[in-house]
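The values are calculated or read from the model by the stated rules, or taken from the named source; none is laboratory data. Model, not experiment: these values are computed from the prediction. Positions of Cβ are backbone-derived with ideal geometry, glycine not excepted, and every protein chain shown enters the neighbour counts. Heavy atoms of the whole protein, side chains included, go into the accessibility calculation; ligands, DNA and RNA do not. Shrake-Rupley method; radii C 1.70, N 1.55, O 1.52, S 1.80 Å.
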Amino acid sequence: MSPIDRRTFLGAGGAALIAGALASCRSGGGAGGGADGSGSADSLRVAWYGGQPAHEGIEGALAAFGEDHPDSSITTEKAPFGDYWDRLATQVAGGDGPDVLRMSMTFLAEYADRGALLDLSDHVGDVIDTAALDEDVATSGSLNDGLYGIGQSSITHATFRNTGLAQEHGVALPEQWSWSDFTEFCSSFADAAGPGKYGSTDAGGDFQMFEVWARQHGTDLFDEQGLAVGADVVEEWLVMWQTLREAGAVPPPDVTAESDSFETSQLSQLNAAVTFGWVQQVTFLQPLVPEYPLAVGPVPGLTAGSLDGQFVKALDFWCVMNTSANADAAAELIDFLLNDERAITSIGLTLGVPPSASSRELLALDPQTPEGRAVAFVDQIADQVGPSPDAWPTGYGELQGSVFPRLNEDVGFGAATPAAAAAQFVEEAARVLG
C-alpha cells in the first residue's frame, strides 16, 4: 500500500478509507486480532507522541501496569508529534491502528467523526474512574453525544517571562497586563537591550493564542456554522504583530522562521524576554536558560488582569480505537494511567499538568521548580478564566498548522496586508470547515 499521510486520511477521501478499514477489521483484521478477529485479551498496542521526557514517563507507567498484569503483553509505538500523525493515518486507513493512543484535540473531531475512535461512555464509571478529574477535563473529549477521549491533563495558555533579563535592562515585567501593556513592554525592552534583542517572540502566527484574542473580543473561535470570528478581529491581531515587527520589538519573520523549537526559541537564546505557550512547556524551556528562573504568567487581556479569554481544559486524550479487539483491557489501562499513584508519579508533567487535585497533591511539587510553577499557575487561575470551549472542529488542524501561520507570514514578509490576509483567512476557513 502506498503511504497515506494525515492530509490524505483527513481529507475528502478519509471517510471512504476509514469505512474500508472498519469493514476489514470486522471481518477479522482488527488491531491486535488473530486470524479470526478474536485477538488476545492480554495483548495491547499503545501509541503516543512527544519527546523523550514523555516517552520515559509513559514507559514507566506501563511498566507498573505490567507488574500488576504479568500475563499481559504491551507493544509500544512512539514518535515526535508530526511523524506520529502521518504514521497513525496510514495505520488507521489500513485497519491496523493501535488499541490505546494519545490523541490531540487538534485531530479528535476528525478521527471521531469518521468512526475511528470508540465511544467510551459505557466504560466510564464501570472501568474508567473519572470522579477525581477536573470537571472540564472529564468532559473535554465529548463530541456528538459521545465521549471519545479521556483527558490526560489540565492545561492553559501562558506566557513565560525572563524577569531577570528584563531587570538587567531596567525594564519591569508586569504580573498582570493588557495587550497595550504588552506592546509597551516589548518596545521598551527592545530599545533598552539594543539590536537583535526583542521584548517577545512573535506569536502572530499562533492560532491557539489567537483563540484567546478572539474570546476576549466576545466570541468563541467556532460555532455550529464554522468560524465564529470576523475578519475585523483577525485583522486587528495581524496589525498588532506587524506593528511590533516593524518597530523591532519582536523578531523579523526570517528569524522567527528559524526559531521553530524550544532550543532555537529566541527566549532560549536569551534574545527575547517573553514567549507564549501551554503552561507545562515551562518545564521544557527552563533547562535551556538555567541561570534565569522563568516566571509563568497569563496571556495579556484587553484589560490588565482579565483572564476571560483563557480557559483550563484537556487538549490531549487517551483514546481507544474502534477496531480494538481488546476494548475492555484498553479501558482498564486508561484508568490505570489516570488514577494509579505509580503512573501519576512516573508521568508527572510530561503530558501537562495532572488532571486532578489529588494527583497534583500526590506529586507534592516544590513551587520553586518549573513543574511546581506550572501547577501553581493552573490552580491560581482556574476560577478566573472563561468557560471551556467545545472541542475543536474537523479541519482545525489545517487552520492551525498551515493556513493561519502562512497568512501571518505573508504579512510579515510584505506579501499581503493585514486586511487582505484576514479576509483570505475567513474565506479559507469557510472552505476548510465546510
Residue tally, condition among the hydroxyl-bearing types (Ser, Thr, Tyr) and either surrounded by 19 or more Cβ atoms within 10 Å (Cβ to Cβ) or more than 11 Å from residue 205 (Cβ to Cβ) (or both), over the range 400-416: 0
Restricting the search to the range 81-120, which residues are of a type in the set (Phe, Trp, Tyr) and touching a strand residue (DSSP E or B) at 6+ places or on another chain (Cβ under 9 Å)? 81, 84, 85, 111
Could you check, for the range 32-39, whether at least one of its residues is modelled with pLDDT of 95 or more and either within 30 Å of residue 400 (Cβ to Cβ) or more than 23 Å from the chain's Cα centre (by Cα) (or both)? no
Test: residue 265 is within 30 Å of residue 88 (Cβ to Cβ) and surrounded by 19 or more Cβ atoms within 10 Å (Cβ to Cβ): yes
Would it be correct to say that residue 118 is hydrophobic (A, V, I, L, M, F, W, C), modelled with pLDDT of 95 or more and under 18 Å from the mean Cα position of the chain (by Cα)? no
Taking the condition at pLDDT below 95, open to solvent by 30 Å² or more (accessible area, probe 1.4 Å), in contact with a strand residue (DSSP E or B) (Cβ under 6 Å, 6 or more places away or on another chain) and under 26 Å from residue 342 (Cβ atoms), does residue 53 pass? yes
Condition met for residue 58 (at pLDDT 95 or above, in a strand (DSSP E or B) and not small (Gly, Ala, Ser)): no
Where residue 259 falls short, out of the listed (1) part of a loop (DSSP other than H, G, I, E, B); (2) within 19 Å of residue 308 (Cβ to Cβ); (3) in contact (Cβ under 8 Å) with a residue 24 or more places away in the chain: (2)
Do you know which residues across the range 203-252 are in a loop (DSSP other than H, G, I, E, B) and over 22 Å from residue 304 (Cβ atoms)? 205, 220, 221, 224, 225, 228, 229, 230, 248, 251, 252
Breaking point among (1) open to solvent by 20 Å² or more (accessible area, probe 1.4 Å); (2) farther than 30 Å from residue 304 by Cα; (3) among the small types (Gly, Ala, Ser), for residue 397: (1)
Enumerate the pairs (first residue in the range 46-69 and without any contact (Cβ under 8 Å) to a residue 12 or more places away in the chain; second residue anywhere and open to solvent by 10 Å² or more (accessible area, probe 1.4 Å) and assigned to a loop (DSSP other than H, G, I, E, B)) with beta-carbon separation below 8 Å, excluding pairs fewer than 6 apart on the same chain, so at least 6 apart or on different chains. 66/72
State all residues of the range 132-160 that are at pLDDT 95 or above, open to solvent by 10 Å² or more (accessible area, probe 1.4 Å) and either over 28 Å from residue 105 (Cα atoms) or not in a loop (DSSP other than H, G, I, E, B) (or both); if no residue qualifies, say none. 147
Do you know which of the residues in the range 105-122 that are of a type outside the set (A, V, I, L, M) and more than 11 Å from residue 150 (Cα to Cα) is surrounded by the most Cβ atoms within 10 Å (Cβ to Cβ)? 111
Extreme residue, surrounded by the most Cβ atoms within 10 Å (Cβ to Cβ), among residues of the range 61-80 that are part of a loop (DSSP other than H, G, I, E, B) and out of contact with any strand residue (DSSP E or B) (no Cβ under 9 Å at 6 or more places or on another chain): 69
How many residues does the range 417-434 contain that are hydrophobic (A, V, I, L, M, F, W, C) and either in contact with a Lys or Arg (Cβ under 7 Å, 6 or more places away or on another chain) or open to solvent by 30 Å² or more (accessible area, probe 1.4 Å) (or both)? 6
So is residue 386 more than 26 Å from residue 128 (Cα to Cα) and under 21 Å from the mean Cα position of the chain (by Cα) or not? yes
